[in-house]
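J.: Take a look at this one; I'll ask things after.
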Amino acid sequence: MNQDSNFNQLFVPPSERDRYQGMLNAPVILVEYGNYECPQFRQVHQLIQAIQQDFNSGLTEKNSICVVFRHFIEHSIYPQAQKAAQAAEAAAAQGQFWEMHEMLLTHQEALGNGYLVEYANHLGLDIYKFLQDISKQVHVDRINQDIESGHQSGVVTAPALFINGIRYCSGVAQPRHRWDMEQLMAAIIAASNEVL
């Protein structure tokens, strides 16, 4: 196996330490690397949400897809992404990761400190604990572990997606182009058929 093929495989497999929706033993596991300031990641996330709904709408067996989110921050391109990731993890410490995840993606043009507190307040979080976690950078190691696992899998920019451990290529030369719902759905269905 050469170096290039290593970079098409997920180096760190999904586990209980990850932020995930669904079951880790699902036939299809999608691992998305992204950050809250990246518009392309928001588009990919919206596609995946639509696909999750299709998969869980009764057409297929429930829990047939698991979605794992990992932070991948390029500090020079997305200066607010690190603080937003800390906000998501501070919300996770209070049991509301996915609620904050959605809030940050919905309002990704407003990720300054005041907005983050507003979102935490809206979710009913303990604001003192939330702010303490962020100011003491309690969750930075976890975020850095996600980023490092991305680097180990050959991720250089967000968004990046792995389907059952294999890097998904959207078929476009430029990673900044729009991803296609039908192509992505076809790749996911193909992966689920391989498992059956």
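The values are calculated or read from the model by the stated rules, or taken from the named source; none is laboratory data. All figures in this text were calculated on a predicted structure; none of them were measured in a lab. Using ideal geometry, Cβ is built from the backbone for each residue, glycine included, and neighbour counts are taken over all protein chains shown. Note: areas computed on protein heavy atoms with side chains; ligands, DNA, RNA excluded. Shrake-Rupley method; radii C 1.70, N 1.55, O 1.52, S 1.80 Å.
J.: Can you tell me how many residues within region 141-156 are over 24 Å from Gln96 (Cβ atoms) and either open to solvent by 20 Å² or more (accessible area, probe 1.4 Å) or basic (Lys, Arg) (or both)?
T.: Number of matching residues: 4.
J.: I've got another one for you. Can you report the number of residues in region 108-165 which are closer than 29 Å to Val12 by Cα and of a type in the set (Phe, Trp, Tyr)?
T.: Adding up the residues that qualify gives 2.
J.: If I filter region 109-116 for residues that are without any contact (Cβ under 8 Å) to a residue 24 or more places away in the chain and part of a helix (DSSP H, G or I), do I get at least one hit? I'd like the intermediate steps shown before the answer.
T.: Here is the first cut: in region 109-116, the ones without any contact (Cβ under 8 Å) to a residue 24 or more places away in the chain are 109-110, 114-115.
Keeping just the survivors that are part of a helix (DSSP H, G or I) gives 114-115.
Yes, because at least one residue in region 109-116 is without any contact (Cβ under 8 Å) to a residue 24 or more places away in the chain and part of a helix (DSSP H, G or I).
J.: Scan region 50-71 for residues that are acidic (Asp, Glu) and modelled with pLDDT under 75 and report the count.
T.: First pass over region 50-71, keeping only residues acidic (Asp, Glu): 54, 61.
Checking which are modelled with pLDDT under 75 leaves us with 61.
So the answer is 1.
J.: Here's something else I'd like to know. I'd like to know if region 117-140 contains one or more residues that are buried (at least 18 other Cβ atoms within 10 Å of the Cβ) and β-branched (Val, Ile, Thr). First the steps, then the outcome.
T.: From region 117-140, those buried (at least 18 other Cβ atoms within 10 Å of the Cβ) are 119-120, 125, 130, 133-134, 139; that's our starting set.
Within this subset, residues satisfying the condition of being β-branched (Val, Ile, Thr) are 134.
For region 117-140, residues buried (at least 18 other Cβ atoms within 10 Å of the Cβ) and β-branched (Val, Ile, Thr): present.
J.: Restricting attention to region 61-101, report how many residues are in a loop (DSSP other than H, G, I, E, B), out of contact with any helix residue (DSSP H, G or I) (no Cβ under 9 Å at 6 or more places or on another chain) and either small (Gly, Ala, Ser) or open to solvent by less than 20 Å² (accessible area, probe 1.4 Å) (or both).
T.: Final tally of qualifying residues: 2.
J.: Next question, about the same structure. Any residue in region 151-164 that is aromatic (Phe, Trp, Tyr) and outside any helix (DSSP H, G or I)? Explain how you work it out, then say what you get.
T.: Step one: filter region 151-164 for residues aromatic (Phe, Trp, Tyr), giving 162.
With the extra rule that they be outside any helix (DSSP H, G or I), the set shrinks to 162.
Among the residues of region 151-164, at least one is aromatic (Phe, Trp, Tyr) and outside any helix (DSSP H, G or I), which makes the answer yes.
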